[in-house]
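*Asks:* One structure is given below, represented as structure tokens, and several questions about it will come after.
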Amino acid sequence: MAIKFEKKPGIVAYLTTGDPDLNTTRDIALAAIDNGADVIELGVPFSDPLADGPVIQRASERAVARGVRLTDVLVVAKQIREARPNAGLVLFSYLNPVVRIGIEPLCREAADAGIDGILLTDMIVEEADEYLEALRANQLAPIFLAAPTSPDRRLKAIAEASLATGKPGFVYAISRVGITGTQTQVADDAEDLVTRLRQFTKLPIAVGFGISNSIHVAAVGKFAEAAVIGSAIVSLIEKTPPEEAATVVGRFIYKLRDGAGPSQQSGIRAAYR
Amino acid sequence: MSVAAAITEEKTSPAQATAGRFGAYGGRYVPETLMAALEELEVAYAAAQADPAFHAELNGLLHTYAGRPTALYYAKRLSETLGGAKIYLKREDLLHTGAHKINNALGQGLLAKRMGKQRIIAETGAGQHGVATATVCALLGLDCVIYMGQEDMQRQEPNVYRMRLLGAEVRGVTGGSATLKDAINEAMRDWVTNVRSTYYVLGSALGSHPYPTMVRNFHRVISIEARQQILEAEGKLPDAIIACVGGGSNAIGAFYEFLPDTSVELIGVEAGGRGTGLGEHAARFQKIGGGTPGVLQGTYSYVLQNDAGQISSTHSVSAGLDYASVGPEHAMLHDSGRASYVSCSDDAALKAVVTLSRTEGIIPALESAHAVAEAIRIAPTRSQTDIIMVNLSGRGDKDMGILARELDLKGASDVS
Ligand SMILES: Cc1ncc(COP(=O)(O)O)c(C=O)c1O
């Protein structure tokens, strides 16, 4: 159990846990791993996902309405860990559900469930002392977001905080300004950001937000270790009957690397246009 | 101490490593994409604060455009009717656009202009902050987009028309309960997306640093004036100050200069809605069925939430108080006991609208009516030498639709 990207580019698959239900999320995660996902990000549904676009908002709303809780997400994590000992597992949450349980108890339970790292959407490095302490005590990797708007000074702090617990994960580079799931013209942002980040870290860099097909993945693979696919998967799940979701997502993940071979010419800029 | 000097003085405790803490509360909890913008804002605001030209321009507009200073009015008939303390009203309802919100909108509008931002966004609940922001954008020649919950657009319809007339684009928000919290979510999504070109005029003492401090400072003028006015009128400080608390901007503005005057009781009034159960009110400080510390929309404060950390829905007859969290400075004042927080039901607020209208000829906003209701409740228990000051944050024009329905003003019967 560790976060590593053996094939290039690595694939990080985001799932809103409990959409459509907890068992299906588990099955989808297993299928994603079997079809090449290196890391699963288990998203904790939250009532007010202000960094998310409509697709993940809807998924979150459905899961919250079903009563899915952070503790349920940990149960799913544990099941995935038991079934796939080598996969990377990241808990992905807004801060409030974590604060509600308590940062220290949550980190302990996350470690018990076999989680490798935690990403909190609205946790910035300046506020992270107590959080990093709890991660360190439980040998968990902190995954921080880095944004195209982050000046170098912040990227340096993010790089340092990412190593602060002694358990390495990756740095999550946001491909462009904006919320999850929307398309954009500003694709130069991603490569520029990754280049700037490299000055400060040797950790793998995963690029996410708006990455939705094999062409995007191939393009990201030219300058980063991994691509994060979120809304595209969540949207697919929304459109697929629950009993077929694992198969459909598995096939989708498998095909994401199709375009990643050397024959693929189109860069990320072309992909976005 | 001069006003400018007082405003520059910082009160954060040195023990706090991070910016914008009020005791344990406040801070910055936002997606990283916004951090550069918050840092830019912090620097620009500090520079503006230290610049006499900024204050001169703002004070000039507050005076000649918005109508400051606002009157401190002795509500004689109301006081005599209740037969207890003397009630004074700080008349923020007399300001241009009809509520205290213009104090902050002017301040942030000038700041945005100084920062070279041409595109302005804001959220609004009751529509008063949206109207104030749209007004300032018209005044300064800025582009304006206002996010407002669909539910609030319906219940505060006149303000929607005012914003559009002023040239703002009003974007209806349907997510969640389609009220203030959801409008803030959508405004934040816009800001994350357009952060390079856009200034977010947050409308209450909420959100991430520097907003709670900045918004409070733009409203401090309320208590700076009121303190002087009451001393002139009565030769002594008031015994109590009462203000309604949505996000907490009018209340913190009305309280702030009196914080060191420990003889002055500070009372915040939250929306008690239609019951004490979660979802029936917006009383974050209510003992049972109230809020617990958490993080919502960028700040650590009291939050109405369930035991899984999902934000609770809220209810209030007043859109401006209908919000699940509260400004972090109020959380600190609550915990320290320097201010106390009570709640007032929808019904009591509606009754207070009628009482104030018919004793004084002043129709308060439903939000402000919560503060009036608390004054009505406690005044009879106080001595006739006691002075209660109510911050009348806004006027009731926007509420005519609700009032006509709830108070049966359409002709048939009467309310008493
Ligand atoms: C007249 C009036 N009073 C009070 C409020 C509540 O806001 P705050 O608590 O920030 O003063 C509003 C908000 O819309 C309002 O319009």
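Read-outs: derived from the displayed coordinates by stated rules, not from any lab. Predicted model only: the values in this text are computed from it and were never measured. Cβ placement follows ideal geometry from the backbone for every residue including glycine, while neighbour counts extend to all protein chains displayed.
*Asks:* Which of B:Ser249, B:Ser263, B:Ser340 moves most in a GNM of chain B, Cα contacts under 10 Å?
*Replies:* So, out of B:Ser249, B:Ser263, B:Ser340, the one fluctuating most is B:Ser263.
*Asks:* Continuing with the same structure: Can you give the Rg to Rh ratio of the range A:43-166, both from alpha-carbon atoms, with Rh computed by the Kirkwood formula? Provide the component values of the computation, followed by the final result.
*Replies:* Working: Rg = 14.6 Å, Rh = 15.1 Å.
Rg/Rh for the range A:43-166 comes to 0.97.
*Asks:* In a Gaussian network model over chain B where Cα atoms closer than 10 Å are linked, find which of B:Asp239, B:Asp346, B:Asp152 has the largest mean-square fluctuation.
*Replies:* Of B:Asp239, B:Asp346, B:Asp152, the most mobile in the Gaussian network model is B:Asp239.
*Asks:* Using the C-alpha atoms of chain B, what convex hull volume per residue, in cubic angstrom, is computed?
*Replies:* Working: hull volume 55.0 nm³, N = 416.
Residue-normalised Cα hull volume stands at 132 Å³.
*Asks:* What does DSSP give for the protein assembly as shown in terms of the percent of beta bridges that are antiparallel, rounded to the nearest 5? All intermediate terms of the calculation are to be shown ahead of the outcome.
*Replies:* Working: 16 of 80 bridges.
Among the beta bridges of the protein assembly as shown, antiparallel pairing accounts for roughly 20 percent.
*Asks:* Next question, about the same structure. What does the charge dipole of the protein assembly as shown about its Cα centre add up to, to the nearest 20 debye, if the Cβ of each Lys and Arg holds +1 and the Cβ of each Asp and Glu holds -1?
*Replies:* Working: 66 positive and 77 negative charges, 180 e Å.
The dipole of the protein assembly as shown has a size of about 860 debye.
*Asks:* So which of B:Lys113/B:Lys181; A:Lys8/A:Lys78; A:Lys7/A:Lys255; A:Lys4/A:Lys202 end up more than 24 Å apart, counting from Cα to Cα?
*Replies:* Working: B:Lys113/B:Lys181 27 Å; A:Lys8/A:Lys78 27 Å; A:Lys7/A:Lys255 14 Å; A:Lys4/A:Lys202 13 Å.
Over 24 Å Cα-Cα: B:Lys113/B:Lys181; A:Lys8/A:Lys78.
*Asks:* Compute the projected area of the convex hull of the Cα atoms of the protein assembly as shown, averaged over all viewing directions, and report it in nm² to one decimal place.
*Replies:* Working: hull surface 118.3 nm².
Average of the hull's projected areas for the protein assembly as shown equals 29.6 nm².
*Asks:* If you don't mind, there's one more thing I want to ask. Mean residue ellipticity at 222 nm from the helices of chain B, using -39,500 (n - 2.57) per DSSP H segment of n ≥ 4 over the full residue count, to the nearest 500 deg cm²/dmol? List each step's numbers first, then the result.
*Replies:* Details: 16 runs with 168 residues, N = 416.
So the calculated ellipticity at 222 nm is -12000 deg cm²/dmol.
*Asks:* What are the radius of gyration and Dmax of the range B:291-381, computed over its Cα atoms and given in Å?
*Replies:* Gyration radius and largest Cα-Cα distance of the range B:291-381: 15.2, 47 Å.
*Asks:* Please report, in debye to the nearest 20, how large the charge dipole of chain A is about its Cα centre when each Lys and Arg carries +1 at its beta carbon and each Asp and Glu carries -1 there.
*Replies:* Details: 29 positive and 33 negative charges, 149 e Å.
For this selection, approximately 720 debye.
*Asks:* Using Cβ-Cβ distances only, list the Cys residues of chain B with no partner cysteine under 4.7 Å, sorted by number.
*Replies:* If one checks each Cβ against the other cysteines of chain B, B:Cys244, B:Cys344 turn up with nothing under 4.7 Å.
*Asks:* Follow-up question, since we're still on this one. Could you work out the helix-only [θ] at 222 nm for chain A, with each DSSP H run of four or more residues adding -39,500 (n - 2.57) and the total divided by the number of residues, to the nearest 500 deg cm²/dmol?
*Replies:* Numbers: 12 runs with 124 residues, N = 273.
So the helix-based figure for chain A works out to -13500 deg cm²/dmol.
*Asks:* Relative contact order of chain B, please, whole-number percent, based on alpha carbon pairs below 8 angstrom and at least 6 residues apart.
*Replies:* On the way: 920 pairs, mean separation 81.2, N = 416.
The normalised contact order for chain B reaches 20 percent.
*Asks:* Loop only by DSSP, 11 or fewer other Cβ within 10 Å of the Cβ. Give me the GluC sites (Glu not before Pro) in the range A:5-87 that pass, ordered by residue number.
*Replies:* On the way: sites: A:Glu6, A:Glu41, A:Glu61, A:Glu82; in loops: A:Glu6.
Answer by residue number: A:Glu6.
*Asks:* Which net charge results for the neighbourhood of B:Met332, defined as the other residues with beta-carbon distances under 9 angstrom from its beta-carbon, given Lys and Arg at +1 and Asp and Glu at -1?
*Replies:* Values: positive: B:Arg21, B:Arg338; negative: B:Glu329, B:Asp335.
Net charge around B:Met332: 0.
*Asks:* Using a 10 angstrom cutoff on alpha carbons, build the Gaussian network for chain B and name the most mobile of B:Met400, B:Met163, B:Met148.
*Replies:* For chain B, modelled as a Gaussian network with Cα springs under 10 Å, the answer is B:Met400.
*Asks:* Related question: Could you tell me the center-to-center distance, by alpha carbons, between the range A:73-101 and the range A:9-55 in angstrom?
*Replies:* Measuring centre to centre over Cα atoms gives 10 Å.
*Asks:* As an exercise, find the ratio Rg/Rh for the range B:106-195 from alpha-carbon atoms, using the Kirkwood inverse-distance average for Rh. Could you put the intermediate results ahead of the total?
*Replies:* Numbers: Rg = 12.2 Å, Rh = 12.7 Å.
A ratio of 0.96.
*Asks:* Could you size up the charge dipole of chain B around its Cα centre, putting +1 on the beta carbon of Lys and Arg and -1 on that of Asp and Glu, and report it in debye to the nearest 20?
*Replies:* On the way: 37 positive and 44 negative charges, 75 e Å.
Dipole of chain B, to the nearest 20 debye: 360 debye.
*Asks:* Quick check on the range A:10-265: what does the Kirkwood estimate of hydrodynamic radius come out to from the alpha carbon pairs, in Å? It would help to have the intermediate numbers written out before the result.
*Replies:* Numbers: mean 1/r = 0.0557 Å⁻¹.
By the Kirkwood definition, the hydrodynamic radius is 17.9 Å.
*Asks:* Separate question: From the residues B:Ser208, B:Gly116, B:Thr133, which one has its Cα farthest along the dipole of the range B:90-220 in the positive direction, the dipole being from +1 and -1 charges on Cβ of Lys/Arg and Asp/Glu about the Cα centre?
*Replies:* Farthest towards the positive pole: B:Gly116.
*Asks:* Once the dipole of the protein assembly as shown is set up with Lys and Arg at +1 and Asp and Glu at -1 on Cβ about the Cα centre, which of B:Ala371, B:Ala66, B:Tyr302 lies farthest towards its positive end?
*Replies:* B:Ala66
*Asks:* Evaluate the relative contact order of the range A:10-265 (contact order divided by residue number), counting alpha-carbon pairs under 8 angstrom at least 6 apart; express in whole percent.
*Replies:* Numbers: 524 pairs, mean separation 56.6, N = 256.
With pairs under 8 Å counted, the relative contact order is 22 percent.
*Asks:* Further question: How large is ³J(HN,Hα), in whole Hz, for each residue of the range A:227-241 in order, when computed from phi with the Karplus curve 6.51 cos²θ - 1.76 cosθ + 1.60 and θ = phi - 60°, using x for Gly and Pro?
*Replies:* Those phi angles translate into 10, 9, 10, x, 4, 4, 6, 4, 5, 4, 5, 4, 8, 10, x Hz.
*Asks:* Tell me which aspartates and glutamates have Cα within less than 13 Å of B:Lys90's Cα, excluding those fewer than 8 residues away on the same chain?
*Replies:* Qualifying aspartates and glutamates at Cα under 13 Å: B:Glu225.
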